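The values are calculated or read from the model by the stated rules, or taken from the named source; none is laboratory data. Predicted, not measured: the structure shown is a model, and the values here were computed from it. No Cβ is skipped: glycine too gets one built from the backbone with ideal geometry, and neighbour counts run over all protein chains shown.
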Amino acid sequence: MKIKITGQKGSKEVDIYSKEGYELISELCLKTACQHRIMYEPTWLGIPIIQFPNDIVMMQELIWKVRPDIIIETGVAHGGSAILYASILELIGKGKVIGIDIEIRKYNRLAINSHPLSKRIHLIEGSSIDTNIVERVKSMIKKDERVLATFDSNHSYQHVLSEMELYSALVSDDSYMVVMDGAQGLVWDIPDGKKEWKDDNPLIAIKEFLKCHPEWEEDSYYTRLGVTSSPKGFLKRVNES
Ligand SMILES: C[S@@+](CC[C@H](N)C(=O)[O-])C[C@H]1O[C@@H](n2cnc3c(N)ncnc32)[C@H](O)[C@@H]1O
């Protein structure tokens, strides 16, 4: 079976069962899923999580593999992703999520704090790129603790690049930074997209960061399911040798 794609560069037919076909359909799925705001549908253990199911599964795999002591999360919103990370840490039997958000709304804070997993979550209100906040986070990490970071706050290029520069030094060897919502750069042209996303998105920050940081590399294993809001977003700290 083939589909005909007509874009700015003309038309072409693609076999839907080929690798290219799967990648293309995943990208189309991403666009229509974003238009229908499907990432706002899931909940995790009762709390709304703003993620696609594929990304939820991938974060579960990543946390189970890295077994971090600390997960730094920028962008908490309702708290579903913090509860997801905390739930995996609970099964591992150790670890804490440090969740930073510029505005933690009263009812979100109440829901997180009254959740059975709240003991594994420490909330900090403030901007993730405020150096005082970064210092606070740093002070909460003990020597030799394994640290993983996820960035899901303000998705502008400059903000994401600052987050990467500020928090990358805290992430352990063989651990990861997950830069979320690079998909913004792929869905700027959907009916409810924003033209400015085309040239202002996390994908550009990732590219810029990797140019200057050879100790980091993209791990495409965690985006292998196709539809993801974090294309090229799973970055591993590798040994410099
Ligand atoms: C996409 S939501 C986070 C979704 C959440 N991680 C989840 O998966 O359910 C983005 C959040 O980032 C927060 N935010 C925006 N700018 C920020 C900043 N400068 N520092 C920290 N958080 C910020 C917003 O308040 C919002 O709650």
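Below is a table of values for the structure above.
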item	result
Flag for residue 82 being surrounded by 14 or more Cβ atoms within 10 Å (Cβ to Cβ), within 12 Å of the ligand (Cβ to nearest atom) and assigned to a helix (DSSP H, G or I)	yes
Filtered residues of the stretch 108-162 (kept if closer than 18 Å to residue 96 by Cβ, assigned to a helix (DSSP H, G or I) and not acidic (Asp, Glu))	109, 112, 113, 118, 119, 120, 133, 134, 136, 137, 138, 139
Single residue of the stretch 94-122 satisfying the filter (of a type in the set (Gly, Ala, Ser) and at negative phi) that is farthest from the ligand (Cβ to nearest atom)	114
Pairs with Cβ under 8 Å, 6+ apart, first in the stretch 86-110 and of a type in the set (Ser, Thr, Tyr), second not in a loop (DSSP other than H, G, I, E, B)	87/44
Unmet criterion (only one of (1) over 20 Å from the mean Cα position of the chain (by Cα); (2) surrounded by fewer than 12 Cβ atoms within 10 Å (Cβ to Cβ)) for residue 12	(2)
Sole residue being more than 15 Å from residue 148 (Cβ to Cβ), within 15 Å of the ligand (Cβ to nearest atom) and either assigned by TED's automatic domain parsing to the domain that holds residue 51 or not β-branched (Val, Ile, Thr) (or both), chosen from 125, 90, 73	125
Neighbours by Cβ (under 6 Å, 6+ apart or cross-chain): first from the stretch 58-82, acidic (Asp, Glu); second part of a strand (DSSP E or B) and within 13 Å of the ligand (Cβ to nearest atom)	73/97; 73/99; 73/150
Whichever residue in the stretch 22-65 is of a type in the set (Phe, Trp, Tyr) and part of a helix (DSSP H, G or I) and, among such residues, is farthest from residue 226 (Cα to Cα)	64
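Every residue, every condition in (1) without any contact (Cβ under 8 Å) to a residue 40 or more places away in the chain; (2) more than 9 Å from the ligand (Cβ to nearest atom); (3) not polar (S, T, N, Q), yes or no:
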site: 139; (1), (2), (3): yes, yes, no
site: 147; (1), (2), (3): no, yes, yes
site: 150; (1), (2), (3): no, no, no
site: 155; (1), (2), (3): no, no, yes
site: 167; (1), (2), (3): no, yes, yes
site: 170; (1), (2), (3): no, yes, yes
site: 173; (1), (2), (3): no, yes, yes
